[in-house]
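So the structure is just underneath, and the comments pick up after that.
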Amino acid sequence: MTAAVTFQSVSRHFGIGPAAIKAVDAVDLTIAEGSFFAMLGPSGSGKTTCLRLISGFEQPTSGAIRIFGQDVSAIPPNRRNVNTVFQDYALFPHMNVRDNVAYGLMVKGIPRSQRYAKADEMLHLVQLGGYGDRKPGQLSGGQRQRVALARALVNEPRVLLLDEPLGALDLKLREDMQDELKSLQQRLGITFVFVTHDQHEALSMADSLAVFNQGKIAQIGTPADIYTHPRTRFVADFVGSSNVLPPALTKALGGPAQWSSLRPENTRLAPHGPITGTVTALRYLGAATRVVLKTGETELAALVPAGRPLPEPGTGTSIAFDPKDLHLMEEN
Amino acid sequence: MTAPAILPERGAADRLTAFFWRRPKAFLALLLTPPLLWLGLVYLGSLATLLWQSFYSIDEFSGMVKPELTLKTYAELMRPANFDIILRTLLMSTAVTLGCAILAFPIAYYAARFAKGRWKAVFYLGIMLPLWSSYLVKVYAWKLILAKEGIVTWATEATHTSGILNALLALPVIGGNSLSTSYIGMFIVFVYVWIPYMILPMQAALERVPTSMLEASQDLGATRAQTFRTVILPLALPGVIAGSIFTFSLTMGDYIIPQIVGNSANFIGMAVYQLQGTAGNTPLAAAFSMVPILIMLVYLTLAKRAGAFDAL
């Protein structure tokens, strides 16, 4: 498989000298063609800057970016066959939906009848057939999102960039759009690069993902890989509601003096388990109840399936686990 | 002790708030009556009187105003000498508006898109500062600058570019003896005094165009020129129109600059001034004052039909 996008120790610094902000710091990255790639990280971690480096709205301070093998350092955004779905959709308010979608074809000089036919086809693809004559202001947030998607796809880009496209939608709509985006990507076979700070979104949609932290990639891999084997303490913290055990506790449990993680679903309440603590909170999740207990300075969560007896808050209890589920990590 | 569910009334201000809370319409009436009285009676009323007077005529023998409705005065307005004045004013206003728009756009664009913090303050100060000094002083200063013995002539001589200046002045109609006695000079002074009224609304309009919209255009393959034509200009157009209303109508009605700078050809404002004062021909003065109003109405109708306000 060819690489759609490669970063070769790419940095983007804002400002100069030691005070420079390293938004992206020596990042190496390969995004496979036809994949659904997610960039996950907290705000300010460099994921959006990486996206803007691919679209060309930022230029690297150092390093090389290649799109399908071609160096793009001297190519402005309008000549990159890469399109973006913007976070605020950025629909043109003075044009109707059809003209918005046909914009990319209009600037290429494609005749009106041809570009309108293609625009209507795109609107059908995102289930907005018949909305062509409306103005963006007359659409709901979810509909605007679809128009932005159709507009970005009309040029048949090699790579589609999505900058937190679902952030402004409510939960139900967001879940529908997640499914729809995924199936759209599979149907079209275009490489999707998706920026999000929502770990569930990244894990459920992506074929592979990169977790960003402070301008660097903390870990890159498949969702299952990252979920079950977080490489660092940051990834475990950020990606899942995993228990992060400090070195002292890992050592007390028979491991080396290293940070480790333990999934709540891999633990059970047991009368004489190796970890003892005081129950501080119970959270009912439907199929299970999340029991939080405090041992020393560390808070750990265990999942108790529905129907099992639950401890009272404030009482002592202990949890047991299979030693192979204790996963060792680096600190950073 | 628990706090009371209803807080005690503190006095007249609370009673007034309660009164208006129960009767929101009374509040609206109180708010709007004074300005509506002003606008309706003083402002539009006097304009209506003016319109009315333009249908009066002047008795050619006695020079007295005859208070009978007639279209005679408007026929007089269409006489070649008077029509020339209208045409001249219209052309100058159009040229000044275009000149202001072209010069103002880069300034407004810079201020809206790039100027931050202190530079924004410098921008506003730079635009507003000339407005604080007397209009008359500025116009006289310009007369000196543009005069034959003025700094412009001197500078062109010192830089051996008097050829350019002389070529400009040799142009038919708009040229003249010196800049201060030509239409070119008048144009320069008009653009100078009215340009702030173009920059400010333009800048306000450009500020409302989000950067992501320009990026979206570029992202979809548009060149800079295409982005300007299809995104920036249409979105900034309401601001450009607002600015042009100012520069256009201010030029149409001005009667001081054409008196001080230029070849003393008559303009609408000057004609009104003379007819009203020395000639005592109030009906014709009124008819002349109706011209800019009609032109502006036509202009706005055309602008609306062309979709200039679609982005509002």
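Laboratory data are not the source of any read-out in this text; all were calculated from the coordinates shown. For clarity, every value in this text was computed on a predicted model and none was experimentally measured. Every residue, glycine as well, gets a Cβ built from its backbone with ideal geometry; the counts of neighbours run over all protein chains shown.
What does the charge count around A:ALA168 come to, taking other residues whose C-beta lies under 10 Å from its C-beta (Lys +1, Arg +1, Asp -1, Glu -1)?
Working: positive: A:ARG144, A:ARG174; negative: A:ASP88, A:GLU164, A:ASP170.
Residues near A:ALA168 contribute -1 overall.
Remark: the stretch A:5-102 carries a charge dipole of roughly 80 debye about the Cα centre, counting +1 on each Lys and Arg Cβ and -1 on each Asp and Glu Cβ. Take each residue in A:74-80, count the other chain C-beta atoms within 10 Å of its C-beta, and the mean is 4.
Count the net charge of all other residues whose Cβ sits under 15 Å from the Cβ of A:VAL72, scoring Lys and Arg as +1 and Asp and Glu as -1. Combined, the nearby Lys, Arg, Asp and Glu give +3. Ordering A:239-245, B:20-26 by mean Cβ neighbour count within 10 Å, with the highest value first, yields A:239-245, B:20-26. Net charge dipole, the protein assembly as shown: roughly 520 debye, given to the nearest 20, about the Cα centre with Cβ charges of +1 for Lys and Arg and -1 for Asp and Glu.
Just check chain B against the gyration tensor rule for me: Cα atoms, a ≥ b ≥ c as the square roots of the eigenvalues, rounded for a/c under 1.5, and otherwise prolate or oblate depending on whether a/b exceeds b/c.
It comes out oblate by the Cα gyration axes.
Summing Lys and Arg as +1 and Asp and Glu as -1 over all other residues whose Cβ lies under 15 Å from the Cβ of A:PRO274 gives a net charge of +1. The Cα center of the stretch A:92-123 and the Cα center of the stretch A:153-194 differ in position by 20 Å. By its C-alpha gyration tensor, with a ≥ b ≥ c as the square roots of the eigenvalues, how is the stretch B:1-112 shaped: rounded for a/c under 1.5, else prolate for a/b larger than b/c, else oblate? Note, shape of the stretch B:1-112 comes out oblate. Along the axis of the charge dipole computed for the stretch B:155-300 (Cβ charges of +1 for Lys and Arg, -1 for Asp and Glu, origin at the Cα centre), the listed residues B:THR223, B:VAL191, B:GLY277 are led at the positive end by B:GLY277.
Note down, for the stretch B:4-69, the three equivalent ellipsoid semi-axes (square root of 5 times each alpha carbon gyration tensor eigenvalue), biggest first, whole angstrom.
Details: eigenvalues 592, 17, 6 Å².
Equivalent ellipsoid semi-axes, largest first: 54, 9, 6 Å.
Projecting the Cα atoms of A:LEU184, A:THR295, B:VAL122 onto the dipole axis of the protein assembly as shown, where Lys and Arg carry +1 and Asp and Glu carry -1 at the beta carbon, places B:VAL122 farthest toward the positive end. Distance from the alpha carbon centroid of the stretch B:110-155 to that of the stretch B:1-46 works out to 44 angstrom.
Taking the centroid of alpha carbons for each part, the stretch A:10-72 and the stretch A:285-332 are 38 Å apart. Computed about the Cα centre, the dipole magnitude for the stretch B:208-312 is approximately 120 debye when only Lys and Arg (+1) and Asp and Glu (-1) carry charge, each at its Cβ.
For a straight C-alpha distance cut-off of 20 angstrom, the aspartates and glutamates reachable from B:LYS72 (same-chain residues fewer than eight places away being disregarded) are B:ASP59, B:GLU60, B:ASP84. Projecting the Cα positions of B:GLN53, B:LEU39, B:MET64 onto the charge dipole of the stretch B:13-68 (unit charges on Cβ atoms of Lys, Arg, Asp and Glu, taken about the Cα centre) puts B:LEU39 furthest along the positive direction. Ordering B:LEU300, A:LEU171, A:LEU249 from the fewest to the most neighbouring beta carbons within 10 Å gives A:LEU171, B:LEU300, A:LEU249.
Going from the fewest other Cβ atoms within 10 Å to the most, the residues B:LEU165, B:LEU220, A:LEU29 appear in the order B:LEU165, A:LEU29, B:LEU220. Protection proxy ranking, highest mean first, for peptides B:146-157, A:227-238: A:227-238, B:146-157, where packing is the per-residue count of other beta-carbon atoms within 10 Å, averaged. If you take the square roots of the eigenvalues of the alpha-carbon gyration tensor of the stretch A:216-311 and sort them as a ≥ b ≥ c, do you get rounded (a/c under 1.5), prolate (a/b over b/c) or oblate? Taking the square roots of the gyration eigenvalues as a ≥ b ≥ c, the stretch A:216-311 is oblate. From the cross-link list A:LYS47/A:LYS182; A:LYS47/A:LYS251; A:LYS47/B:LYS116; A:LYS251/A:LYS294; A:LYS22/B:LYS120, which pairs have alpha carbons spaced over 29 Å apart? The pairs that break the limit, which is 29 Å between Cα atoms, are A:LYS47/A:LYS251.
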